[in-house]
Structure formats: C-alpha cells, structure tokens
2 protein chains.
Amino acid sequence: MSTQISEIQLLNDIRPLIIDVDAAGVNELLQHHRPEDIAEIFWNLELDEAKFLIKVIDKEKAVEVIRSLDEELQERLFKGYDAKEIAEDVVAYLDSDDSVDILNLLPTQKAEEVLSYLDDQDYAKNLAAMLHYADDIAGGLMAKELVQVKHNWTVSQCIEEIRKQAEEVESVHAVYTVDEKNILKGVVSLKDIVLAKAHTSVIEITNTEFISVNAYATGEEVARLMSKYDLITVPVVDSMNRLIGRITIDDVVDFIREEAGKDFQLQAGLSESVESEDKVLILSRARLPWLMVGLIGGLGSSMLVSNFEGDISRLPQIAFFMPVVAAMGGNAGVQSSAIIVQGLANNTLKSKNIIPKLGKEFTVSLINGLACSAILLLFNVILGHGYDLSMVVSIALITVIIFASLLGTITPLLLVRLKIDPALATGPFITTTNDVIGLGVYFLLGRLLLGTF
Amino acid sequence: MSTQISEIQLLNDIRPLIIDVDAAGVNELLQHHRPEDIAEIFWNLELDEAKFLIKVIDKEKAVEVIRSLDEELQERLFKGYDAKEIAEDVVAYLDSDDSVDILNLLPTQKAEEVLSYLDDQDYAKNLAAMLHYADDIAGGLMAKELVQVKHNWTVSQCIEEIRKQAEEVESVHAVYTVDEKNILKGVVSLKDIVLAKAHTSVIEITNTEFISVNAYATGEEVARLMSKYDLITVPVVDSMNRLIGRITIDDVVDFIREEAGKDFQLQAGLSESVESEDKVLILSRARLPWLMVGLIGGLGSSMLVSNFEGDISRLPQIAFFMPVVAAMGGNAGVQSSAIIVQGLANNTLKSKNIIPKLGKEFTVSLINGLACSAILLLFNVILGHGYDLSMVVSIALITVIIFASLLGTITPLLLVRLKIDPALATGPFITTTNDVIGLGVYFLLGRLLLGTF
C-alpha cells in the first residue's frame, strides 16, 4: 500500500512539471527516486508525457527506467520511437539480456533495423545470435556480459581483466575460467580473488566442480538447478561446452513466479497466460477451450440424468439435491488433486506410491464426508424432506466425496507417469468428471434404496 | 527425470556398502556427489542407515547434506540424535539461518538444550535471539553471518576483515559499513573492493542509497523488494537502524514459490498449506471449512430448486440441464476471477477501475456464451429435446455465463478494496454462488418462457 501512496504522490508532483515542460524540475524531483519506482508511474502517463520524461531524465537513469517498465508499457512506449532512437538511446546502454527482451517486443523488421543502427556491431551480432533462442530457455534468459579469464592466468591478470570489463559488466559475482578454445573450465568466486595474493595462479582458487547449463535447457530446469544448489549465477554453455553467457538468479525469480502462476491458471481453466488488459479475442480464446470441456461434461451429465426421467417425474424432490451432490464432488476432488499437484510442483511429494496415499485419502474423505452428510441429514429431516430421501442424499454425498477424493488423488499421479502436466487434473477436467460420476452415483443409489423408484 | 534415475542408481550402489558397514567405500562413492543430491536418497533410507551415512561422511559435507534435507527428513533424523550431538556435530557447523531452521523443528526444551551444549556461547546467544522471530518475517529469514566494516576504514582494512571472517562467512556478495553504534551506513560491492586501491577510503566506494529491511518486515515484503530491485542480498536492521543480519535471494526464492502456491490453495478450497504427507486430521481440517461453504451453498441451491417442484414434475426434462447450467456458471466465474486475482498478485493489473473491465468482460463472455449456447442448442435439437426447452436452456446458458463472468470480475476487485485477500474469490465461494444464481436464472427463465409452466 505504501508504494501506491508514494506512487500517487510522485504522479501529483510530476504532472505540473511535465505540463510546464520543466526539465530541470523533473530531474530534481526524480533525483532521489529509484528507476524501478519511476517506472511505476508510467502506467498513468500519456505517450507524449512518457516520451518527455525519458528524454529529460539523465540518460543512464532513463535506460534503467525503461528496463524496469512492464512489457506492455515498453511496447506502448516503443511505438513512439523509431529504430534509430531505440538503438542509440536504449539498446546501446542495456545489458544483452534486457536488450533481447526489448527486441523481442518489436516487429521483426523493426528489430533488425535497430540492430543495424548499433555502433558496436559485435554487440549487434551477439544480440542477433541471442534472438534465436526462445525466451523460456537458458539461451533466452542469459546475458552475454560476464568476466572470463584464461585458466592459466594469475590473480593480478584476472583483476586487470575485471577492471577492463567493469564498465560493461555492471554486477560481477563470479569470474569464469576458459581454455584457449573458450571451453569453460571453472568458476572463481570474487571473495577468493579478494583474498588471494596477486601472483597466485587462478587455477589454485578455481572451483572445477561447478554447475553449468546448456543453452537449450528449459527455464524450469534452470530454476530448479539454481534453487536446489542455491546458485546466484550459473554459466551457460553451448553443445561444445563453450562459455556463451550467464544467468543471474533475479531473471529466474521472475520465471519461478510465472511458473507458479501456471498451475493457478490451469486450475482456473485458462488455456494460456492472459491478463485482463489483453484483447477481447485473446481473452476469449484462452477461456473457450475449457468452457467447451465443461460443456461436453455437462452434456454428459444431462444425458445421464435423462435416463432417470421416470424417477424424477415420480419423485421431483430428488432433483432438488442434484446441485449439492455434483458440487461437493467437484470441491472434494479439486482439493485432493491440488494437494498432489502442489506436492509434485514443489518436489515435496517424494513417494509417488499410489496405494498408501489412497488409504490415507480414504480416511480423510470418510471423515469429511461423514461430517458433511450428517449436517445435510439434519437439515433435510428438519425441513421435512422425508427420511428415505434424506438418507439417500446423505449416503450419496459420502460416496461422492470419497470417490471424488480418490479420483482427485489418482489422476495427477497417473498424468505425471504419462508425462502429462498433472496440474491439468485440478482444472475443469476433474470438476466435470466428478459432476457426471457424482450424479450417476446419486441416481443409482436413489433407484436402489427408494422403494418408489 | 534424469535426477531420479541417478538417485536410484546412487541408492542401488550405496545400499550394499551400508550393509557391509563399509565407511571407506561410502566416502569414495559419495566423493563426486553434491550434498543436495546425497540428501535426495534419504527419503529411501531407514533411520539407522541415515545415521550411519551422516556419521561416516566427511563432517563438512555431512552438515551440508543435513542442511539440504527436507524439513520432514530433518525432523525424522533428529529424533535419533540427542541434544549434545545436534549441537556439536550439526549446529556448530551451520550458518545461523540454517541452525535456526533446525532449532525450530525441535521441541522447545531440546532446542534450549542444544544451545547450552554449543561451545561458542556468543553464537548460542545469537541463535536464541533469532529464535524470537517468526519464520516468515525478515528476522526469521536472515543469517547473522556477514562481513561488516567501519565506514571510516580503508580498503585494505576492509580486505583484512573479509580475510578474518572468511572462515565463518562462506559466501560474500557485499560488505556492509556501519558506524561506531553499529548503525548501517552503506553497502560496498565486492567488485568495487577488487578494483579499488588499497589505501582508498571505504566511504568513497560505499553506496549509501541502498535498500534495507526491518527485522519485522513480512517475507512477502522482502520478496517483493528483492525481486523489484533485483537484489542478491539485503541487509536487515532493527528499529534503531542497527545492522543485525542479511537475507540472501536463495532463501527468498523458496518463499516466493510458497507464496505463489497460496493462491492455488485458496482456489482449490484449502484453508491452510498442507502436504499429502501431513497427518489425517490436519488434512481433514484444512479441507472441511470450504467443503462446509460448498455444502451451505448446495443447501441454498436445493431450497431454491424446491420452489420449482411443480415445474419439475410437469416437465422432468428441465432437471436434465441443471448440472450443465450450474457447472458452466462456476467455470466461467472462476476464469474471470482468476485473471483479476493473478493480475493483482503480479502487480500487472494497474487500473482497478471496475467499469471498463466490466464492459470488456461482458463482450468476452457474450462471445463465449454464444459459442457454448449454439453448440448446446444444436445438441438438444438433434437429441429431440423439443425446441422450446432447448431455447430456454441455451438462453439460460448465455445469461449464466455472462452473469458469472461479471460477478467473477467484480468480486476480487471489491474484496481488495475491503482489504480481504482477493484470491478468496476464486475458491469454492464463487463456484457456489454461481451455482445458486445460475439455477435461479435457469428456472425463472423456464417459467417465463415455457408455456407449460
């Protein structure tokens, strides 16, 4: 909340300065604001205002502001810039990973044009090479900026190299050692460089049992490795084991958050990652597939129920409890599957043995089913729905809760064996299946137990 | 997958060595395995085997293995150790943050006993102080191990201090400067220390515009700051601004993942974070509250439907389509609310203006509602359910999808204004509400449009 208050404050302060075209005033106001905070107010600026701000802020800081903007805002902003401006005023100042992110936002032709305007054509070539990697694999997450030294150098040569590259590589956490063919040999921590004597050979302080990732490793794999081994940075190599970049943990943090959001989406029945700011057709497209699955399930339910038309006309009251039986099956099933899916995602579910899990799930769902059924029975008897029907509804409810819970436990474990994303099991798929099965159980029990049927 | 294969391989290789009580063999086998990988096989070891392994592995590595174990495994393992062993063989070798995590797993009395057995009583006092912080606030996430220097020192004094503390502080990313009262003055990057001349004053290379967090800041707040400002470490201060610890990003990565899981849980109708390994009663307790909410909603539905008893007995076919109408309302509502909830969680939802969002949501849901209704109509006409009823069902379906989508959009936005976690809106709450409303709309439309009613 405090961020939002200071954001509104900043907006109120800056608006009049922008209107007065007061460049000096803007700079003075923004002097003690971090680029990340300045970026926040861009949501509330018109394109003209945004361009003015970027133009008058100190160049280094302006580029940091652009880097910190949400992708949507970057895209909007860059529509107001031509390729030459993007090249000379933005990309030339950014690290390669941030530049690639920006180039990926532009239409292909404009991106190529931007590269052609870069003074540093080596950098342009690097960027062009990096654009070949998808943005969710190691090659797409990495930055080219790193300090690399020959593995047979001394510490003082190494420090000299850090000094040379200090301008370009803003944050240095480790130095990578390579041989004459650029093959990655080891990692040296900055701490060991600080503590070593100047004439020490780098080999002596090199860690050769380091972890590296291939450029085509998935973002999930990189995130898993970095968090398992508590890595701050990880070197990226090509198939020949040549050093081509490095990934820092902050780029993976965003990835972890996005990944964690994906299960949430699947569970909500969204087939792709969408934001409420997306276009109507994109929103519709992300939602329609699972609605269709729900629809087909619903049609299945109605075909099933139609088999009991006679029973319903003889005892219409049986229809009253269809919603509660169907809904409770869905709820219990989603709960069970969510626990398994999250266990799989967090790697906390170590034993994938189905049988003991089912035993436990049976106990849990029996307890919860009994509790719910007892309340339902009480309610029905009080409302005078007839003892027979009330019993049928309550027995159906226990049965459905137990059945749905077991199904919710089995489904994700089976999906993961079939190498299908188990989070699918928590979505409309399991709710729908449980709807159909729950109603089937309910009506069959009714026919079995009620003399009138 | 590959991890799992190597894990099974390692287990198969190590089992005979454990049976033969072959300490040398175990050590040779594990020489090239990382502690994090060795920790994985503990899931499949008996307590005796685990204790043997810890005993024979090289002490430094054994402690790293213990540190990497899942909490559940740590808890299980420590039941086999007395307080003296935990103090002298484990806690004495660990960083303070990892030690505190372990002490938190022990019964209070045993934890205090462990502290009393520590040789280094300063360390014991530090740990005791850290135990006062909850494990989800900055004080509970921080480690005491850091390099701090006086702000008026020179770079060479600073390097001397790093050398002195090098043993204790394993990974150094930054050095913190404090005044004589231990008040935090600034942060110096290791890179700048490497590049500075020995007689330079530390003040010259100190960044005084650093970010710090208070010991009582929530884990969410720390995670938000570290990912917003791309921080690798952040210093922790007390209310007097005295430096008391630092948090590294790897501890926050776990936190971010847990946090991201919370929305997923709420949406799945789990009232607390549970794992399938938890006890039956804990699992039951986490699930019962939302099942009860669903039950109450279901009872609402059945009371509502009971008002249409006459209609159902006159036209039992109307009951066939209750499940599809109710389910689709739930599905559409969850989709809409999930998009808003995720937007709020990711901070990508900048404008919280309800009106324009509703306009867009109306269009999206109209498109999807029309598509679903058209298919349903086609299906019903083919199956010969009668044109009138088919039309009622389809019109009800569009209405319900639109209504549920709008409700799904409004609810989280209202909840956030009331300072209630908006993720509540994606859970059983919205499904249940939409069940009731959907069925109401359906039966009313039926009565309105069908002459037979």
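The values are calculated or read from the model by the stated rules, or taken from the named source; none is laboratory data. Owing to the predicted nature of the structure, the values given are computational and were not obtained by experimental measurement. Cβ coordinates were reconstructed from backbone atoms using ideal geometry, including for glycine residues, and neighbour counts include every protein chain displayed.
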Report those helices (runs of 4 or more DSSP H) wholly inside segment B:87-176 carrying at least 1 residues which are without any contact (Cβ under 8 Å) to a residue 12 or more places away in the chain, under 22 Å from residue B:233 (Cα atoms) and among the small types (Gly, Ala, Ser). B:121-130
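Yes or no, residue by residue, for (1) crowded, with 16+ Cβ neighbours inside 10 Å; (2) within 32 Å of the chain's Cα centre (by Cα); (3) outside the structural domain of residue B:435 (by TED's automatic domain parsing):
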| position | (1), (2), (3) |
| --- | --- |
| B:361 | yes, yes, no |
| B:366 | yes, no, no |
| B:373 | yes, no, no |
| B:378 | no, no, no |
| B:381 | no, no, no |
| B:388 | no, no, no |
| B:393 | yes, no, no |
| B:400 | yes, no, no |
| B:404 | yes, yes, no |
Taking residue B:407, is it in contact with a Pro (Cβ under 8 Å, 6 or more places away or on another chain) and away from chain A (no Cβ under 11 Å)? no
Residue A:122 of a type outside the set (Gly, Ala, Ser), farther than 30 Å from residue B:155 by Cα and assigned by TED's automatic domain parsing to the domain that holds residue A:79: yes
Selection over segment B:382-404 where residues are at the interface with chain A (Cβ under 10 Å from one of its Cβ atoms) and either among the basic types (Lys, Arg) or under 15 Å from residue B:334 (Cβ atoms) (or both) yields a count of 1
Please go through segment A:174-206 and give me each residue that is under 32 Å from the mean Cα position of the chain (by Cα) and either at pLDDT below 90 or under 20 Å from residue B:168 (Cα atoms) (or both), ordered by number. A:174, A:188, A:189, A:190
Can you tell me which residues in segment A:7-40 are of a type in the set (S, T, N, Q) and surrounded by fewer than 14 Cβ atoms within 10 Å (Cβ to Cβ)? A:9, A:12, A:31
From the set of residues in segment B:263-289 that are under 28 Å from residue A:381 (Cβ atoms) and facing chain A (nearest Cβ under 7 Å), which is nearest to the chain's Cα centre (by Cα)? B:269
Among the residues of segment B:295-315, what is the count of those that are touching an Asp or Glu at 6+ places or on another chain (Cβ under 9 Å) and either of a type in the set (A, V, I, L, M) or facing chain A (nearest Cβ under 8 Å) (or both)? 3
Boolean, residue B:188 is in the same structural domain as residue B:231 (by TED's automatic domain parsing), in contact with a Leu (Cβ under 7 Å, 6 or more places away or on another chain) and touching a residue at least 24 places away in the same chain (Cβ under 8 Å): no
In segment A:160-174, what count of residues is obtained for those that are at the interface with chain B (Cβ under 10 Å from one of its Cβ atoms) and among the basic types (Lys, Arg)? 1
Of all residues in segment B:227-251 being in a helix (DSSP H, G or I) and within 8 Å of chain A (Cβ to nearest Cβ), which is farthest from residue B:68 (Cα to Cα)? B:228
Test for residue B:379: is it out of contact with any Phe, Trp or Tyr (no Cβ under 8 Å at 6 or more places or on another chain), among the aromatic types (Phe, Trp, Tyr) and within 8 Å of chain A (Cβ to nearest Cβ): yes
Check segment B:198-219 and report whether any residue there is in a helix (DSSP H, G or I), touching a Lys or Arg at 6+ places or on another chain (Cβ under 9 Å), without any contact (Cβ under 8 Å) to a residue 40 or more places away in the chain and of a type outside the set (Phe, Trp, Tyr). no
